[in-house]
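J.: Below: one structure in structure tokens.
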Amino acid sequence: MKKIILTGDRPTGRLHLGHYVGSLRRRVELQNSGEFDDIFVMIADAQALTDNADNPEKVRQNVIEVALDYLSVGLDPEKTTIFIQTQVPELCELAFYYMNLVSVSRVQRNPTVKTEIKMRNFEQSIPVGFFCYPVSQASDITAFKATTVPVGEDQAPMIELTREIVNRFNHIYGPTLVEPEILLPSNAACMRLPGTDGKAKMSKSLGNCIYLSDSSKEVKKKVNSMYTDPEHLTIDSPGHLEGNCPFIYLDAFSCDEHFERYLPDYKNLQELKDHYTRGGVGDGTVKKLLYNVIEEELVPIRERRKMYEQNIPLVYEILRQGSEKARETAAKTLDEVRNAMKINYFGDAALIEEQAARYRSGK
Ligand code: TRP
């Protein structure tokens with residue numbers, strides 16, 4: 001069986017380090033691993049509209065921001081099909097069929113949807129489209145026969161629902177769809193990178209993000225103002241690692257070579273952590289290391305972004321070609337789905353003959 005990846009993001013803001021360690025970095029590795037027959041990365045503008053119906057302009061602006069972020073982290077349009085969800089209308093059609101295979105209470109139990117309903121104050125009045133987005137996500141995944149969906153843990157309920165829909169569909173209509181597997185980030189710190197305030201995960205509304213498009217100056221400022229350990233009052237006092245942002249970020253970003261380059265007094269992160277907990281390491285030292293480590297990662301990303309920013313029509317052309325290819329792929333699956341559901345009235349000669357025979361025999 002072919003190995004196919006599908007994943008994507010809602011274009012509601014620029015992408016940040018949380019996205020980077022949680023998914024983008026992995027996608028580039030997967031892209032370059034040569035292990036996959038096809039990789040689709042989708043800008044989920046239709047899904048973004050499910051909770052931004054009154055602000056389409058925000059979605060429209062962020063389609064290009066996210067595209068720039070994708071290209072600048074190293075997604076290569078030669079190897080990865082980058083496309084825009086609304087440009088593949090087959091996805092809506094498929095979602096409409098899937099809606100019959102899912103109960104309202106099943107969606108209501110989805111913990112991610114529950115949290116989002118609270119966060120968006122939708123308790124009083126949930127938009128139907130928003131409520132159905134997990135179903136639409138199942139169509140995004142299955143339209144491409146994706147076997148592998150690299151996403152953060154908050155997306156696990158969507159993949160679970162997708163698997164249920166696939167099973168249900170195949171059971172009712174015959175084997176047609178492929179059951180996808182989730183691929184979670186490998187390192188715990190990457191699963192849920194906290195914001196610079198140490199509180200929740202990075203989120204635009206909390207203003208605690210470091211963006212991929214931030215300048216060196218902005219990164220320095222944000223790293224220096226990170227939440228550490230409020231009890232670590234002097235360099236010599238013992239420090240705590242729990243909830244200490246710079247250390248959590250180092251868990252996600254650093255490797256032994258970084259110590260050689262930027263802080264050769266220590267062999268690796270464990271040595272630095274041990275010294276910090278004993279007392280004797282200032283937060284400034286840790287932050288300076290972290291700044292260097294983040295910058296090393298962001299410099300090439302920033303450079304590529306600058307190049308693409310100077311050629312926006314090319315970026316749209318990449319998206320157009322990607323969307324065309326995505327549409328061809330989804331259309332093939334939709335043909336199979338319609339055949340399986342026997343709603344391909346005009347293209348299925350056997351079906352027409354079956355009906356003709358029925359009426360000939362007078363039944
Ligand atoms: N729900 C994802 C997000 O919030 C975006 C998304 C839409 C997606 N369809 C998808 C992710 C299919 C993976 C697979 O960013």
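J.: Quick check: anything in segment 214-224 part of a loop (DSSP other than H, G, I, E, B) and open to solvent by less than 30 Å² (accessible area, probe 1.4 Å)?
T.: Within segment 214-224, one or more residues are part of a loop (DSSP other than H, G, I, E, B) and open to solvent by less than 30 Å² (accessible area, probe 1.4 Å).
J.: Also: Of the residues Asp236, Asp251, which is of a type outside the set (S, T, N, Q), over 15 Å from Ile294 (Cβ atoms) and either open to solvent by 90 Å² or more (accessible area, probe 1.4 Å) or in contact with a helix residue (DSSP H, G or I) (Cβ under 7 Å, 6 or more places away or on another chain) (or both)?
T.: Matching residue, one of Asp236, Asp251: Asp236.
J.: Still on this structure: Is it the case that segment 277-287 has a residue that's open to solvent by less than 40 Å² (accessible area, probe 1.4 Å), under 16 Å from His16 (Cα atoms) and part of a helix (DSSP H, G or I)?
T.: no
J.: Moving on. Only one of Lys222, Lys201 is more than 11 Å from the ligand (Cβ to nearest atom), modelled with pLDDT of 95 or more and outside the structural domain of Leu91 (by TED's automatic domain parsing); which?
T.: Being more than 11 Å from the ligand (Cβ to nearest atom), modelled with pLDDT of 95 or more and outside the structural domain of Leu91 (by TED's automatic domain parsing) holds for just one of Lys222, Lys201, which is Lys222.
J.: Here is a follow-up. Quick one: count up the residues across segment 163-172 that are free of Cβ contacts under 8 Å to residues at least 40 places away in the same chain and within 15 Å of the ligand (Cβ to nearest atom).
T.: So the count comes out to 2.
J.: What are the pairs with Cβ atoms under 8 angstrom where one residue, in segment 44-72, is touching a residue at least 12 places away in the same chain (Cβ under 8 Å) and the other, located anywhere, is more than 15 Å from the ligand (Cβ to nearest atom) and β-branched (Val, Ile, Thr)? Sequence gap at least six, or different chains.
T.: Partner pairs satisfying both residue conditions: Ile64/Ile312; Ile64/Val315; Ala67/Val315; Ala67/Ile318; Leu68/Val315; Leu71/Val315; Leu71/Ile318; Ser72/Ile301.
J.: Leu206 - would you say it is open to solvent by 40 Å² or more (accessible area, probe 1.4 Å) and closer than 25 Å to Val73 by Cβ?
T.: yes
J.: Also, quick follow-up: Scanning for something within 13 Å of the ligand (Cβ to nearest atom), modelled with pLDDT under 95, of a type in the set (Asp, Glu) and farther than 21 Å from Ile4 by Cβ, does segment 65-86 turn up at least one residue?
T.: no
One line per residue, one yes/no per condition, for (1) over 30 Å from Gln87 (Cα atoms); (2) touching a residue at least 12 places away in the same chain (Cβ under 8 Å):
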site	(1), (2)
Ile235	yes, yes
Pro238	yes, yes
Gln270	yes, no
Asp274	yes, no
Gly279	yes, yes
Lys288	yes, yes
Glu297	yes, yes
Tyr308	no, yes
Gln321	no, yes
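J.: Can you pull out every residue in segment 12-39 that is within 25 Å of Glu57 (Cα to Cα) and more than 9 Å from the ligand (Cβ to nearest atom)?
T.: Gly13, Arg14, Leu15, His16, Leu17, Gly18, Tyr20, Leu24
J.: Might you let me know whether segment 81-90 holds any residue that is in the same structural domain as Ala146 (by TED's automatic domain parsing) and in contact with a Pro (Cβ under 8 Å, 6 or more places away or on another chain)?
T.: Step one: of segment 81-90, the residues in the same structural domain as Ala146 (by TED's automatic domain parsing) are 81-90.
The next check asks that each one be in contact with a Pro (Cβ under 8 Å, 6 or more places away or on another chain); those that pass are none.
No, every residue in segment 81-90 fails to be in the same structural domain as Ala146 (by TED's automatic domain parsing) and in contact with a Pro (Cβ under 8 Å, 6 or more places away or on another chain).
J.: Still on this model: Within segment 174-191, how many residues turn out to be closer than 30 Å to Tyr211 by Cα, open to solvent by 20 Å² or more (accessible area, probe 1.4 Å) and away from the ligand (no atom under 14 Å from the Cβ)?
T.: Summing the residues that are closer than 30 Å to Tyr211 by Cα, open to solvent by 20 Å² or more (accessible area, probe 1.4 Å) and away from the ligand (no atom under 14 Å from the Cβ) in segment 174-191 gives 4.
J.: For Arg338, work out the one condition from (1) basic (Lys, Arg); (2) touching a Gly at 6+ places or on another chain (Cβ under 9 Å); (3) surrounded by fewer than 14 Cβ atoms within 10 Å (Cβ to Cβ) it doesn't fulfil.
T.: Every condition holds for Arg338 apart from (3).
J.: Which count do you get for residues in segment 153-173 that are of a type outside the set (Asp, Glu) and open to solvent by 20 Å² or more (accessible area, probe 1.4 Å)?
T.: 10
The values are calculated or read from the model by the stated rules, or taken from the named source; none is laboratory data. What you are looking at is a predicted structure, and each value in this text was computed from that prediction instead of being measured. Please note: Cβ atoms are built from the backbone with ideal geometry, for glycine as well, and neighbour counts cover all protein chains shown. Heavy atoms of the whole protein, side chains included, go into the accessibility calculation; ligands, DNA and RNA do not. Shrake-Rupley method; radii C 1.70, N 1.55, O 1.52, S 1.80 Å.
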